[in-house]
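See below for the structure under consideration.
The values are calculated or read from the model by the stated rules, or taken from the named source; none is laboratory data. Note that the structure is predicted; figures quoted are calculated from it, not measured. Quick reminder, even Gly has a Cβ in these numbers, built from the backbone with ideal geometry, and neighbours come from all protein chains shown. The area values use the complete protein model at the heavy-atom level, side chains included, leaving out ligands, DNA and RNA. Shrake-Rupley method; radii C 1.70, N 1.55, O 1.52, S 1.80 Å.
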Amino acid sequence: MQKSLRIGQILYTNVLPVYFYFQQERFEDQIEFIRQVPATLNQAMARGEIDLGPISSFSYAEHASRYVALADLSVSANGRVGSLFLFSKKPIEQLNGAKIALTNTSATTVNLLKIILSKFYDYEISYVTQEPILADMLREADAALLIGDDAIQAVRRGGDLHVYDLGELWHQFTGYSMTFAIWAVRKEVLAEQSELLAEVHDSFLASKRKTRENPAPLIDYVHTHFGGDKQEWAQYFQGLQHDFGDVQRIGLLYYYRCAAELGLLPAPATVDLWQAGGRQTNTTLTR
């Protein structure tokens, strides 16, 4: 029997603070978690196969008329991210005319790279999309983009490549925060499951607060299951933001404006927020 809410979860560590203390047993008979990479979750959400969850912020813009964002939840960074890397055989200053391999697991970050290289570097680049295996991607390309745990593991293995953090590049050129994923809900679900949705939203927010107040159990968990150094994981989670306040929304609106200027979106999108008790309007981008 189908449960009341089908909730997506990205198969990367960057969303774990929102899920780590989620009270799943409280909703045992009411919700189902569907765990996939971002690109697959985006497609499932668009087809109506999941009801809510973290989707790529670019995918949100593509379907903004059908979605509402849950207030105060995102995957963002105001500078270095630590899991979104361009791996290049030569310095970025020499990439004009290059061929770049893009991971097939992303929507927001692949378009962020296109914005950075086109708008800020004024480069002409040819792109190809591939499975996120760095050695294969670089066999015929000059550079490769990886995200999430694939990117973290590739950096950990080291090598003589030039490595660029896309959140850092974005902040360097714009001064803005960058939001990579938004917890979105399909609009038809709001009317059908508003009470349950409010309880699930509260549990997500409580998990986020608890991991922020005491990140040690989360860091122990990822160290055990994903390897690496505890201090590196601590720095990684410190650099991530899971809020969705004015800082994050303004940066995201500018990203949407840039994407529209380059024809990646048909028009700049806005984000409609929902929280228990009603909806609230988005921050306006004045720049």
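If you go through segment 201-214 one residue at a time, do you hit one that is closer than 23 Å to F173 by Cβ, aliphatic (A, V, I, L, M) and either in contact with a helix residue (DSSP H, G or I) (Cβ under 9 Å, 6 or more places away or on another chain) or at pLDDT 95 or above (or both)? Outline the logic, then answer.
Taking segment 201-214 first, the residues closer than 23 Å to F173 by Cβ are none.
No: zero hits.
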State all residues of segment 204-218 that are surrounded by fewer than 19 Cβ atoms within 10 Å (Cβ to Cβ) and either in contact with a Phe, Trp or Tyr (Cβ under 7 Å, 6 or more places away or on another chain) or of a type outside the set (A, V, I, L, M, F, W, C) (or both); if no residue qualifies, say none.
A206, R209, K210, R212, E213, N214, P215, P217
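Can you confirm whether segment 243-256 contains a residue that is under 22 Å from A154 (Cβ atoms), polar (S, T, N, Q) and either open to solvent by 20 Å² or more (accessible area, probe 1.4 Å) or at pLDDT 95 or above (or both)? Please lay out each step first, then the result.
Residues of segment 243-256 that are under 22 Å from A154 (Cβ atoms), as a first pass: none.
No, segment 243-256 contains no residue that is under 22 Å from A154 (Cβ atoms), polar (S, T, N, Q) and either open to solvent by 20 Å² or more (accessible area, probe 1.4 Å) or at pLDDT 95 or above (or both).
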Among the candidates D165, D202, D220, D229, residue that is acidic (D, E) and within 30 Å of L265 (Cα to Cα):
D165
Every pair of residues 6+ apart whose Cβ atoms lie under 8 Å, when the first sits in segment 151-174 and is in a strand (DSSP E or B) while the second is loosely packed, with under 15 Cβ neighbours inside 10 Å:
H162/K90; H162/P91
Residue pairs, Cβ under 6 Å, 6 or more apart or interchain, first in segment 1-29 and more than 23 Å from A39 (Cα to Cα), second open to solvent by less than 20 Å² (accessible area, probe 1.4 Å). List them.
K3/I31; S4/L196; Y21/S207; F22/S203; F22/S207; Q23/S203
Could you grab me the full set of residues in segment 221-242 that are open to solvent by 50 Å² or more (accessible area, probe 1.4 Å) and either assigned to a helix (DSSP H, G or I) or aliphatic (A, V, I, L, M) (or both)?
Y221, H223, T224, H225, F226, K230, Q231, E232, Q235, Q238
How many residues of segment 70-89 are open to solvent by 10 Å² or more (accessible area, probe 1.4 Å) and in contact with a Phe, Trp or Tyr (Cβ under 6 Å, 6 or more places away or on another chain)? The answer is 2
Subset of segment 180-197 that is modelled with pLDDT of 95 or more and of a type in the set (G, A, S) - its residue that is nearest to I7 (Cα to Cα)
A184
Looking only at segment 6-63, which residues are assigned to a helix (DSSP H, G or I), small (G, A, S) and open to solvent by less than 10 Å² (accessible area, probe 1.4 Å)?
A44, S57, S59
Looking only at segment 139-148, and only at residues there that are out of contact with any Leu (no Cβ under 7 Å at 6 or more places or on another chain) and crowded, with 18+ Cβ neighbours inside 10 Å, the one that is farthest from I125 (Cα to Cα):
G148
Scanning segment 159-188 for residues that are open to solvent by 50 Å² or more (accessible area, probe 1.4 Å) and small (G, A, S) gives G159
In segment 1-18, how many residues are over 22 Å from T109 (Cα atoms) and modelled with pLDDT of 90 or more?
3
Could you tell me how many of the residues in segment 90-123 are under 23 Å from the mean Cα position of the chain (by Cα), in a loop (DSSP other than H, G, I, E, B) and surrounded by 16 or more Cβ atoms within 10 Å (Cβ to Cβ)?
3
